[in-house]
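The values are calculated or read from the model by the stated rules, or taken from the named source; none is laboratory data. Owing to the predicted nature of the structure, the values given are computational and were not obtained by experimental measurement. FYI the Cβ positions are ideal-geometry reconstructions off the backbone, even for glycines, and counts take in every protein chain you see. Protein only, heavy atoms only, side chains kept; ligands, DNA and RNA dropped before computing areas. Shrake-Rupley method; radii C 1.70, N 1.55, O 1.52, S 1.80 Å.
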Amino acid sequence: MSRRKLKLVLLGTMVIGALGSIAVPGVYAVYVAETRNTQATVSSGTLTMDLVVNGGSPCYSYLGPASPGNVNTNCDSLVTFSSSAEMYPGEPVTIPVTLRNDGSLAASDLAVYMPGGCTKAATTGASSPGTGDPCAAGGMQFYIQETTASGPKCWFPAAAGACSFTSDLSSFAARTTLGLSLDLGAGPAAQQTRTFTIGLQEPINASNTLQGQAATFALAWHLTS
Amino acid sequence: MKRSNIPHLRPLLYLFGVGASGTLIAVGGTGDVGFGPIDAFVAVITAATAVVTLPSVRAWALAPDPSEGTAASPALNRTKKILVLVMLAGTVAFVGGHGTFAIFTAETSNTGSSISSGTLVLNDMVGATSCWSYGGATSDNVNTGCAPLVSPTNMAPGVSTAQTRLTIQNGGSLDASVFYLTAPWPRATLGTGLTLGTAPTQLSLTSGLTTALVSGDQVTVSYAGHTQPFTVGLAGAAIGATIIPLSSAPAANYSYLVNSRVEVTSGDTSPTNTDCYDVATTSGTVPVAGATPGQTLPFVSTTGNPLCAAALLWVQEQTNGVNYCWAGRGAVGSPAVSTVGQCRTPTTAALSGTGVVAGTPVTTLNVSSLTGNIAAGDTLTITQGTNQDTITTNAVTGNAYINGTTVSINSWTPSFSYTSAAVVKDTSAFNALDGDLTDTISNFDTLHRPNAPVALYPLTSNTTAPNSAATVSLGKYGSAGNAGYQRTFYVGVYLPAWSSLPQNQLQGLISTFGLNWHIQQ
């Protein structure tokens, strides 16, 4: 082999080597395998309720303001007194309240409280209102009774069977927050209802000082999942 | 031509005939040259040549041809004929029988050599349901359709949890040196194929996007091992859109078929663009017929995927009795890293057997197979009806793991004879999880997107870090050990109860998410 041919062969070998050293690092593809567990889902339930006062229209919890949400403070009043519906001593007023769990979750607890307590005011149009306070001790009497499958159950004042007017509104008015609320036990299951009766009465021996006086209060019903 | 003019013709012809015949026999004997039609022809010619060398035939061959004109020319013509015949024989022998013409030969053959490639395939077993990586729709050893891990419905904060046992197997013949877990990219599937060499102006999807895209976002289309990135155009795309406009897209580098994988590779950066996404329940999907669906609730919004950002996720491995928390509360990077291989799980259990007897001290709780972990020093409550006692697990020996059946406790004298109907609750675990805003599905997605995987090194012990120096993380099929061909994981979710934060905004939502399991040679 001539020297010229030998040089050509060696040059060719060097070129191949250089190409190899440059090209090989890019050739490290490897086998891979992959699986995906897709479509796993986490689904939260709903807990909403509606309140029907005295056979009226349902008032849905979720139709209140967006914030804080699921709190509706605009449901029907328990009772609105007018000149034709004034209360007299010893004449009770009872208001049926039906509470329905419209959500998908069972309520682990139902509680009721009186946000803001009780506020007295002279009855609108009263010519000479008394100086008494229906929200104070000795004032308006109050109870909460539930109708259950096994008969009436008195939640406030706590007693077996049906309620009687043995407690004042003032006693309950101290329950102004959820923390001070009256625990009504496990709430209704999803799509179930509980029925209560709110009783109000001027004491049969009410003082004349309660004439021309009105009590304003609200009841808040609270479900917990 | 006279006989004396060709004194060497006879021995030449004779030797040639014998030599040629012998060669043919020898070659045929080696088996190297097949004895086909050409070889037969050669043999015939050779034999004829040999025959020519016989005296009578030779006489004929050398006798004058009556038809030939001169004394010299007939002999010459016959000689030419013979020589032509010999040349033909030589030519045919060269062409048709060019094998080995040595008499003594030796040869060996390494036959049946082959090159065989190994396999690397992954089996994703949720319970007993196998899902092979090669079974995917995109024909690239990536199967995005494996069974959902969990699907709890009607979850309530502080109460609901779900957990699934998952076995990952290497079903191939090659060891996997890399085994990792990631969140997937937000994804979709191609509804209209792309044509090789044609630049698409948009990507048409089979179903709506689960995350919004803005101009400049990156999406990748993949099928059968081919991948091509594209840039989202100026108009972007809203959640639910089935068209992704593209910006100055290059020509497709492959004819991507319908159902090709479309992945948003600029996703998984915040809860708003994770693989996990929320939708509100409807009247058709609310878990209780007639119940208020999330869609109705004005205080519920899917913006920011709030349920994804609230639900806690854990991935606990338990292979060959060794435990490790890869994701969730207890994993590296979580607020409370476990040193005993435990994810914090919302664990409840029932007493096994006949329970405990009031007044008789107990130091070991026998429980039904645990569905979660219990840590040393935890406070447990045991409740049956209105009866409740508080128990503390042993500070040293009190660690119990998924599938365990005993819990070592400090001496406890039951106030009531609790039976198997009693519920044992790890209140320490629940309290820890209820205050956890970190170990959520959303955070897993953003921390462990495909380019930031959790490397699943082989386990060593409950108290020692996994072996990051191991060269095999998921061995070939049939191999044993902590880096053997199969490893077992428990994946769970829990909706925590936030004691001081409102949670109504989490009502009526469905979070959908996935996990990627990836091995590499």
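Before moving on, here are some points about what is shown:
So that you can scan it fast, the table gives a plain yes or no per residue for (1) closer than 17 Å to B:Ala429 by Cα; (2) at pLDDT below 95; (3) among the aliphatic types (A, V, I, L, M):
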{"site": "B:Val322", "(1), (2), (3)": "no, no, yes"}
{"site": "B:Gly333", "(1), (2), (3)": "no, yes, no"}
{"site": "B:Ala376", "(1), (2), (3)": "yes, no, yes"}
{"site": "B:Gln384", "(1), (2), (3)": "no, no, no"}
{"site": "B:Gln388", "(1), (2), (3)": "no, no, no"}
{"site": "B:Ile391", "(1), (2), (3)": "yes, no, yes"}
{"site": "B:Asn410", "(1), (2), (3)": "no, no, no"}
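- For beta carbons closer than 9 Å, sequence separation of 6+ or different chains, a first residue in the range A:172-199 that is closer than 11 Å to A:Ser108 by Cα and assigned to a loop (DSSP other than H, G, I, E, B) and a second that is open to solvent by 30 Å² or more (accessible area, probe 1.4 Å) and acidic (Asp, Glu), the qualifying pairs are A:Leu184/A:Asp109; A:Gly185/A:Asp109; A:Ala186/A:Asp109; A:Gly187/A:Asp109.
- Residue within the range A:76-97 that is of a type in the set (D, E, K, R), open to solvent by less than 40 Å² (accessible area, probe 1.4 Å), in contact (Cβ under 8 Å) with a residue 60 or more places away in the chain and assigned to a loop (DSSP other than H, G, I, E, B) present: no
- Subset tally (residues that are part of a loop (DSSP other than H, G, I, E, B) and open to solvent by 70 Å² or more (accessible area, probe 1.4 Å)) for the range A:98-109: 0
- Selection status of B:Asn403, surrounded by fewer than 21 Cβ atoms within 10 Å (Cβ to Cβ), at positive phi and not in a helix (DSSP H, G or I): yes
- Test: residue in the range A:30-47 that is modelled with pLDDT under 85 and surrounded by fewer than 13 Cβ atoms within 10 Å (Cβ to Cβ): yes
- Failed item, numbered, when B:Leu120 is tested on (1) within 9 Å of the chain's Cα centre (by Cα); (2) without any contact (Cβ under 8 Å) to a residue 12 or more places away in the chain: (2)
- Condition met for B:Asn482 (without any contact (Cβ under 8 Å) to a residue 24 or more places away in the chain and outside the structural domain of B:Asn399 (by TED's automatic domain parsing)): no
- In the range B:94-213, counting only strands (runs of 3 or more DSSP E) that sit wholly within it, the ones holding 3 or more residues that are away from chain A (no Cβ under 14 Å) span B:202-204.
- Qualifying residues in the range B:150-166 (those that are under 18 Å from B:Leu509 (Cβ atoms) and hydrophobic (A, V, I, L, M, F, W, C)) - the one surrounded by the most Cβ atoms within 10 Å (Cβ to Cβ): B:Met155
- Number of the exception - A:Pro134 against (1) more than 14 Å from chain B (Cβ to nearest Cβ); (2) open to solvent by less than 20 Å² (accessible area, probe 1.4 Å); (3) assigned to a strand (DSSP E or B): (3)
- Within the range B:439-483, the set of residues being hydroxyl-bearing (Ser, Thr, Tyr) and either exposed (fewer than 15 other Cβ atoms within 10 Å of the Cβ) or within 21 Å of the chain's Cα centre (by Cα) (or both) comprises B:Tyr457, B:Ser461, B:Thr463, B:Thr464, B:Ser468, B:Thr471, B:Ser473, B:Tyr477, B:Ser479.
- Residue match in the range B:346-361 (condition: in contact with a helix residue (DSSP H, G or I) (Cβ under 8 Å, 6 or more places away or on another chain) and surrounded by fewer than 23 Cβ atoms within 10 Å (Cβ to Cβ)): no
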